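The values are calculated or read from the model by the stated rules, or taken from the named source; none is laboratory data. None of the values given here were measured: they were computed from a predicted structure. Methodologically, a virtual Cβ is constructed for each residue, glycine included, from the backbone with ideal geometry; neighbour enumeration extends over all protein chains shown. Accessible surface is based on the protein model in full, side chains and every heavy atom, while ligands, DNA and RNA are left aside. Shrake-Rupley method; radii C 1.70, N 1.55, O 1.52, S 1.80 Å.
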Amino acid sequence: MLRVSGVDARIGPVPILHDVELSMDDGEMSGLIGRNGAGKTTFMRAIMGLVPATGTIDLGHVNLMAVHPHRRPHFGLGYMPEDRRLVPEFTVEENLMLPAWSMQVEGARGRLDWIFDLMPEIEKFRRSRAIQLSGGQQKMVALGRALMAGTRLLLLDEPFEGLAPALARRLAEVLSNLKDEGVSVLIAESNETHVADLLDRIHHIERGRILAS
């Protein structure tokens, strides 16, 4: 479902990723595990087209390297950045609907209802502005927004970072339920503490290289 081969990426003059190889199957939940600075975020941003990269990135039969970054979500690719990137003055529902509006998705309201069924806690504050939420609540909303576009593959960058234990357990439960929905998920974390029981496969990354899978 996802095949990454020979990918190099740099930020400015600094090379970050070196000949990265990674593959995932349909419905698979994989971990990208590595310490801070190992290249996890750059790898996810390379898939989304947010940093210059060379090599091969295929999503099914689609060559993502030939697709402009703003078009990549149209192929079922959802991304939750580490810093959430919600629009502070928008309501929760508006933040969730942003990908659907930008892509002019048909059936977006049904997708929104599905997200609320998956995470009923965020439906309770659907009319609240994002700036009024706690950091943990914003993480859940950012996950919901990624799900609006991520019908095939979900990229989650450090979703558990900074979460209180109770909310971390709840997030793990939501991700476990996603496995039953057939969505492929790649989770970037600095360690396996919160995700080991969820993962079908683990990819270890260090200094911009996948060392083992």
Antiparallel %, DSSP beta bridges [both residues in the range 65-202], to 5: 10
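Leaving out ligands, DNA and RNA, and with a 1.4 Å probe, what % of the accessible surface on the chain is carbon or sulfur? Don't skip to the answer; put the middle values down first.
Numbers: 4770 of 9980 Å².
With neighbouring chains kept in place, the figure for the chain is 48 percent.
Per residue, what accessible area does the chain have, given a 1.4 Å probe and all protein chains present, in Å²?
Values: 9980 Å² over 213 residues.
Value returned for the chain: 47 Å² of accessible area per residue.
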Table column - 3J(HN,Hα) (Hz), the range 6-14, Karplus curve with 6.51, -1.76, 1.60, x for Gly and Pro: x, 8, 10, 8, 9, 10, x, x, 9
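Which of the trypsin sites (Lys or Arg not before Pro) found in the range 154-213 are in a DSSP loop and have at most 13 neighbouring Cβ atoms, other than their own, within 10 Å? Walk me through the numbers on the way to the answer.
On the way: sites: R169, R170, K179, R201, R207, R209; in loops: R207.
Passing both the DSSP loop test and the Cβ count: R207.
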Interatomic Cα distance distribution for the range 80-141, bins of 10 angstrom, percent: 23, 56, 21, 0
Residue among G27, I11, V185 farthest towards the positive dipole end of the chain, charges placed on Cβ: I11
Karplus-derived HN-Hα couplings along the range 70-83 (A = 6.51, B = -1.76, C = 1.60, θ = phi - 60°), whole Hz, x at Gly and Pro: 6, 9, 4, x, 5, 9, x, 9, x, 9, 10, x, 4, 9
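Pull out the extension gain between R35 and A164, defined as 0.36 nm times the separation in residues minus the alpha carbon to alpha carbon distance; nm, one decimal. Could you put the intermediate results ahead of the total?
Values: separation 129, 0.36 × 129 = 46.44 nm, distance 2.04 nm.
Here the answer is 44.4 nm.
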Estimated Rh, the chain: Kirkwood, alpha-carbon pairs, angstrom: 17.3
Long-range amide H partners of I202 with built H, under 5 Å: G31
Per residue Cα convex hull volume in Å³ - calculated over the range 118-169: 94
Residue among I187, I16, I47 with the largest mean-square fluctuation in a Gaussian network model of the chain, springs linking Cα atoms under 10 Å: I16
Ratio Rg/Rh [Cα only; Rh per Kirkwood] for the range 44-92: 1.04
Of S134, S23, S176, the one that fluctuates the most in a GNM where the chain has Cα springs shorter than 10 Å: S134
Calculated from backbone phi, Karplus (6.51, -1.76, 1.60) coupling profile of the range 118-123 in Hz, x at Gly/Pro: 6, 10, x, 5, 7, 5
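Let me have the 222 nm mean residue ellipticity of the chain computed from DSSP H runs of 4+ only, each contributing -39500 (n - 2.57), with the sum over all residues rounded to the nearest 500.
Numbers: 6 runs with 66 residues, N = 213.
Roughly -9500 deg cm²/dmol at 222 nm, from the helical runs in the chain.
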For the chain: relative contact order, % (alpha-carbon pairs under 8 angstrom, 6 or more apart): 33
Sequence of M1, M119 from largest to smallest accessible area, 1.4 Å probe: M1, M119
The range 1-68 - Kirkwood radius from inverse mean 1/r over Cα pairs (Å): 12.4
Quarter of the Cα convex hull surface for the range 11-107, i.e. its orientation-mean projected area (nm²): 8.1
On Cα atoms only, tilt of 135-149 relative to the major axis of the chain in degrees: 70
Eligible lysines near K40 by straight Cα distance, threshold 24 Å, same-chain separation 8 or greater: K139, K179
